[in-house]
Every structure is written in structure tokens, then in C-alpha cells.
Amino acid sequence: MSQDLRQASPPARSESGLHEKGLPKGTVGVLGLVVIGISCIAPAYTLTAGLGATVAEVGTSLPAILLAGFLPMLLVALGYRELNSAMPDSGTSFTWATRAFGPMIGWMGGWGLIAATVIVLSNLAAVAVDFFYILLAQLTGQDWIAELTTNLWINIPTTLVFIAVAAWISYRGMNATKVFQYVLVGFQVAVLLLFAIMALTSSQPNDPTPITWQMFNPAGIDTFSAFAAGISLSIFVFWGWDVTLTMNEETTDPKKVPGRGATWTVLVIIALYLAVSLGVIYWAGVGTTGLGAGNPENQESIFAVLSGPIMGPLAMLMSLAILSSSAASLQSTMVSPARTLLAMGYYKALPSSFAKISARFMSPSVATFAAAAAAAGFYVITRLLSENALWDTITALGLMICFYYGLTALACVWYFRGELFDNARNFFCKFLAPLIGGIVLLVMFFATAIESMNPEYGSGSEIGGVGMVFILGVGVLLLGVAIMLWMRLRNPAFFRGETIRTRKLLK
Amino acid sequence: MKLLVGYTADQRGAEAIELASALVAGTRDASLKIAIVLPASTPFNAVYPGGDHGFSTILSAQVDRWAAEALALVPEGIAASAVARSVPSVAEGLIALGEEFGAHGIVLGGRKRHRAGFFSPGAIANALLHSSPMAVFMSSPASLATLRAANGKITRLTAFVGDRPGAREVIGLSARIAAACALPLRVATLISQAELANSEQELGDHLAKTRSYLEELTESLGLDAAIEVVSGQGLDEATAQLSWQDGDLALLGSARLAAPRRLFIGPKAQRILGQLNVPIGVIPTLDVAR
């Protein structure tokens, strides 16, 4: 099927000109870009998975933390765009951080990205499965079906099937079409707006909470640790937005479309998030009992609890929106860790079998199934160890995103260190924005990591007196360090800088 | 003869090159174009997080190596070159490449798969068999074995024709291929008894009539072709009656439903395809210009 890669050096731009790049030039306009951005963010999924956990941290300051969480994302994304246009074909966190900081930090940057995507894959699959059974229950009117997902003997095998199917589809290289994305995104946005409107206009809210300006004030959050946790969670809800900034060649006008597309995407998303979170706070309140959004029972999946009481029979639409958005994201996200594993295998940072490409489907083979197996393994372990697996994985995910994003932002500053002060644009986009964004995210990472050692943190699951989130987040990173050291002993070529050169100072 | 090989870097691809080499060997301007097609990436399938991840660079290096391996499989004396292209649909991409290179046909390696008794060529072969403007040749491991037994040389062409209009075109085109390759031609017709009246007498008459019709036809085309009319209870049984030799190549015409100069494989041809254990070519009925 596939051959081993035996080349030690990075591939040159195909000298023979044999392989023409098949990017369709200039077909995506502003609306198309907004659709792509929203589909990568998957708001129906991120809200159900992240809203409850964020309310648990910051209470009624939810709108404020959502607004505040966007800022570091924006700052880092500006740096991302610079790296992407300087090295468009050479990859992502792994190669960028290697070129800037050398092999060890680069390896960890790649690991951070893989870990974040593997965690989100397991969470996406779990959310898809929950809403799969909820939707079945709503369609058939048999409430007991929705309860099936709490039975581990049913839940775990179903989730593994979802992950396997997604891996198979992405291995086969089947593409989502334009029409499919438009329909999926349009449906998601419409259902979320409907939810917000029904919640805000409800005649019998559960715990009517007046909406005040104070909710929009980030300074209203009591403690720094709540703020840090809230930021890392709200990074998760905007994760995906930066895809709009990195699309250039694909747009009809690379000078204008990406900027406008990114702006419109974020405006639409923030409006949607504010509407839904105000709706949730107004209707359910942040109380820790019953239907309150602060109730630990409701953290895992807020819409699973609230859409029924708020939307009545229309809750079926919400289940369908979340199921479709999480299942579609599950499949498209699978490609990301597979490609980073492939690149790491190719550059000898991992065993070279990871670099195998399927001759029939032209997709990573070993790497795709490794990513799926890791996501499946991660899900089974967290499901068995933690009572509130989804909540803990989302918090651990926020941690991981802060880590690899922060690292990549600093890589941008260091990579361009020779040209930072050449002009005002360089100063802002290559230095100031990524520096502040990177430092903020790494501070959030360390603050949340330290905080999460507390067994009370997150869902309150613990092992040996250490919080589950810490074990998941930091444990995964330490596992990466161990694998890296093992690879370094076994095959030091990458670590000697023989496969990817660290970039020396410019000029 | 110029052929386009739809290549994948595995056993099937190697088999396709083997068949294509046998087909063009000894013809004028013998050349092969080895086509590696890749799926076109669509922006609406954005990879997130991280985008390309260096994938396209690594993939194109891999494709370069695959192309070099493929070219090494082509025997001496046959001109060969490789092309790689990203295409929205594999079948359409192969047709476009074939037309670009002025190929006489497209060669695919494949596996026989039986689904509910029907031969089903792979999705790509199937699409080609229903839309290609040029001949499509297919191999399977079993059919390659008979070719290898003849030292990789094609020894005879067998053109399958019906007794309805269209036979003339298929025979004519097969004869031109046979002449280009300096090969003997055999014309075969399958008669399913189930479709005829029951009497022995009628069957005998029908067989004799068909044979004389074909004899007249080949004579009027000025051909020296062996003619075989075989019958069986059904099409499958009739197909099984036909004898084969090592190095045989079967040719089938496209259905009358086909648009001019396009292939459209009919249900009978589909049925026959499933039964044959020799390499197969399907040719568009109307006289192909090249």
C-alpha cells in the first residue's frame, strides 16, 4: 500500500514540477469565509460543551469573559498569520516552533497541538453520542433512550464507533462540499438564535436573572484564578476562528477578503454567543441546583439539560444541530493531528512509519489511525476515571490550547526577531500582538495548571489528592516529554537539527 | 499506440502497467503516460487547527518517488512519462488527461468483486465505463496470470458482439486494433437459450443464422477472423463455453445507449465482464477517430 519514506532531508519544492498544486484559486468570498470560519468553530458544539464549565468559573460575568477571551486569541492569530505567510507550506506549530526555538521546544509545540486535537476529538465524539441518543429519544418519544448514554457499556462502544467512522472517512479523503457546509452552518446559527430568543422571551423562566451591564465588565470577576480559567475556556469557544485569517490563496481577493471575513465571523460569533449566554443566564440563572447553569450536573452539556424546558418539542432541532456540528467537526478535526503526526514522522521526530501515505486515498494512513486510537484511548481512560469526563476534558483542552498557542505566538516573535522593528506593521503584527498574546496565554496556562492541582478543581474528580484536570493536562504534556526523550535516544537526527534547520537570525 | 495508465502505487498499479506495456509493445509510437491523480482540496473542507501542516510538500515528494518507481516498471523500448494532477473527480481527471495526451485508451488495474452475483468494477472503473470517450482496459490478478503465462505478450483478440446492429462497428474497431498489434482476431457471440423458443430445431437455426451473418460481416470488412457462436442456458453458461488461450484479450463494445464516442456499458457486457478471466477492453462503438 504505502512505502517507507527514506529521505532524511526536507522535501524541496517539487523540482520536476510533476505535482501541480490543486488549490482552486480564488473561489471563496467573504460569505464563504464566514461559513468556513463558523464551521471550524462549530458554535453549537462549543456552547454546549463550554458554556456550563465557564459559568461554573465566572457566574454571571459570562458575557464579559467571552469578550475578554477573544482578545488573546486575536493577538495570537495575528502572529499566526505572519508565520503562515512566511512559511505557507511548511506546516504549523511543530515546524514553526522548531525553526524558531530548535527541536526540543518545536517537538513539544507539535505535541501540544496533537494533544489538544486528540482531546477535542474525544470530546466531540462524546458530545455527538450524547445528542445521538437524545435525538433518538426525542424522535421516538421514548425517554429511556436518552439515558442509554449514561450506561458506560453503551456509551463507550458507541463513542468508539463514532471515532472509527470519522477516522475512516478522513482516511478515505471524502470532502465536505460547499452546499453541505452552508446548510450545516446556516442551520446551526438559526437554531442557536431560536434558542436565545425563546429563552429571553420565555414567560416562565426557571430563575429569572436580570441582565445588567455588570455582566459585561471583566473586572467584575472575583478572583484571578476564576478569570484565568474563564479565559482558557473562552479560548476554546473561539478556537477555529483564526482559520479565516490564514486563508489567502483560496479567496477571491487575498488583500481584502480574509480581513473582512475574519471580522464578520467574529462579529457573528460574538453576537451569537452573547445572545445564547444571556438567554441561558436570564432563563436558568447561575444557581447550583436544578436547572441552574451553575449546577455541576448541568456542566457537561448545557443544552442537553436546557433545550427541552426552553424549546419544548423544538428541542429536537437543537439536538440535530449539535449532533451534526459535532459529527462534522469530528471528521474534519481528525485530519489535523494526522497531518502533524505525518510531518513529525517525515522529519524523524517520530518513527518514520507515521509518514506513510495511502497510495489509493493520498491521505496519512498510520497517522490517521494513530490519532483516532489516541482519541479513543483518551476517551476510555477519562470516562473510566472521572465522573464528569466531558467537563474535565474541556478544561484540560483549554489548558492545552493555551500551551501550544502561547508557544507558537512566542515562536513568531523569536522567528522574526531580526525584522521586528523595520516598520510599524512588523512591530505590531510580529512583535507586540503575538508577544502580549503569547505571554497572556502562557500565564493562563501556568495559572490554570497550578490551580487545577487542587482536587476541588473542575468537576471535582481527583486521583491521589490531585485534581483530574491537572492529571489530564499536565500528564499528557509529561507523556510527550517522555516520548520525546525516548525518540531522542533512538533516533537523534531530528534533535541534532539534521531534518529541520533552526533559523538563524535574519540579516 | 498511446495509452494512459491510471496508476496507484500498489499491486494494482503495477498490474495496470504490465497490461498497458503488453498492449502497446510492438505498435507504432508505443508510449505510456502514467497518471497519478490526487484529490483536489476544497476550501470548504478547511483543516483546523493548523491548515496544511506541511502535507502538500510531503505529499508531492512522495508522489515524485511513486512516479519514479512506476517508470522503472515499464519495459525497455516503450516510451513512458508520468504526470500527477489534483482533480475533483478521479474518472473525469483520467479522461481529461487521456484527451490531453491523445491517448487511445485508459488502462486500470483492479480487483474482481462480486456483489450479489454481479461483477462490479471499482467506482472509478465504473464511472469510466459509463463515460469515457476512449477505450478502457482493465486487468485483474487472475487475468494477469494468463498474460504472464504467455510471457507478457498478447496473442489474440476476442471481440464480443451481439446479433443486433452495432456488431459491425465493434468488429471493425477490433480489427484495426488487431492489425495495429499484428494479432489474430476472433469474433464471439453468446446466445442465451433462455431468451429463445424451446425447440432444438429453432436453436440450431438461430445458431447457424448468426454464424452466417457474422461470416458475411467479416467478409464484407475484408477480415480473416475466427468465428465462434456459443450457447448456454443463460449468459453465464454461454460465456463458460468459450475456450481461452494464454495471452487472450477480450474486447466488448459499448451499449447502444451510449452517446456518440462515449462508453456506456450495457447490462449484458457487465454480466460478461464478471465471467472473464482475461484482460478486458471496452471500446466506444462509433468509429474512434484516433
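Only the coordinates and a few stated rules stand behind these numbers; no lab work does. No experiment lies behind these values; they were computed from the predicted model shown. Cβ atoms come from the backbone with ideal geometry, glycine included; neighbour counts cover every protein chain shown.
Measuring from label point to label point, each 7 Å out along Cα→Cβ, what is the A:N217 to A:L432 span in nm?
Rounded to a tenth, the inter-label distance reads 2.8 nm.
Over all alpha-carbon pairs of the stretch B:1-152, lay out the pair-distance distribution in 10 Å bins, whole %, shortest bin first.
11, 38, 33, 14, 4, 0
Taking the Cα-to-Cβ direction at A:S353 and at A:F187 and moving 7 Å from each Cα, how far apart do the two end points lie in nm?
About 3.9 nm, to one decimal.
Put +1 on the Cβ of each Lys and Arg and -1 on the Cβ of each Asp and Glu in the protein assembly as shown; which of B:V229, A:L472, A:N123 then has its Cα farthest toward the positive end of the dipole?
B:V229
Sort B:K2, A:K348 by Cβ crowding within 10 Å, fewest neighbours at the top.
Result, fewest neighbours first: B:K2, A:K348.
Send over the Kirkwood Rh of the stretch A:30-496, from the inverse of the averaged 1/r over different Cα pairs, rounded to one decimal Å. Provide the component values of the computation, followed by the final result.
Working: mean 1/r = 0.0448 Å⁻¹.
Radius from the Kirkwood sum: 22.3 Å.
Taking 0.36 nm per intervening residue step and subtracting the Cα-Cα distance, what contour gain separates B:R28 from B:A40 on full extension?
Answer, rounded to one decimal: 0.8 nm.
Relative contact order (percent) for chain B, with alpha-carbon contacts under 8 angstrom and 6 or more residues of separation? Working shown, then result.
Details: 564 pairs, mean separation 59.4, N = 290.
Normalised by residue count, the contact order of chain B is 20 percent.
What fraction, in whole percent, of alpha-carbon pairs in chain B exceed 29 Å separation? Show your work: numbers first, answer last.
Details: 14804 of 41905 pairs.
Roughly 35 percent, once rounded to a whole number.
For the protein assembly as shown, state the average projected area of the convex hull of the C-alpha atoms over all orientations, rounded to one decimal in nm². Please list the in-between numbers first.
Working: hull surface 157.6 nm².
If I average the Cα hull's projected area over directions, I get 39.4 nm².
At a threshold of 8 angstrom on Cα-Cα distance, excluding pairs fewer than six apart, so keeping six or more, what relative contact order does the stretch A:30-496 reach in percent? Intermediate values should be presented prior to the final figure.
Numbers: 792 pairs, mean separation 140.7, N = 467.
That works out to 30 percent.
Filter chain A for me: DSSP H helices, axial length by Cα at least 30 angstrom, mean Kyte-Doolittle hydropathy not below -0.5. List them by residue number. It would help to have the intermediate numbers written out before the result.
Values: long enough: A:62-86 (37 Å, 1.34); A:103-140 (55 Å, 1.55); A:178-200 (33 Å, 2.07); A:257-284 (39 Å, 1.54); A:315-346 (47 Å, 0.99); A:389-415 (38 Å, 1.37); A:468-490 (32 Å, 2.08).
Length and hydropathy pass: A:62-86, A:103-140, A:178-200, A:257-284, A:315-346, A:389-415, A:468-490.
For A:W264, A:W96, which order do you get if you count the other beta carbons within 10 Å of each Cβ and list the fewest first?
Values: A:W264 17, A:W96 27.
The fewest-first ordering by Cβ neighbours comes to A:W264, A:W96.
Any idea what angle helix B:11-24 forms with the longest principal axis of chain B, computed on alpha-carbon atoms, 0 to 90 degrees, nearest 10?
In chain B, helix B:11-24 runs at an angle near 60 degrees to the longest axis.
Cut-off is 10 Å between beta-carbons; in what order do A:T177, A:T149 appear when sorted fewest neighbours first? Spell out each step's value before the answer.
On the way: A:T177 12, A:T149 22.
Ascending number of Cβ neighbours within 10 Å: A:T177, A:T149.
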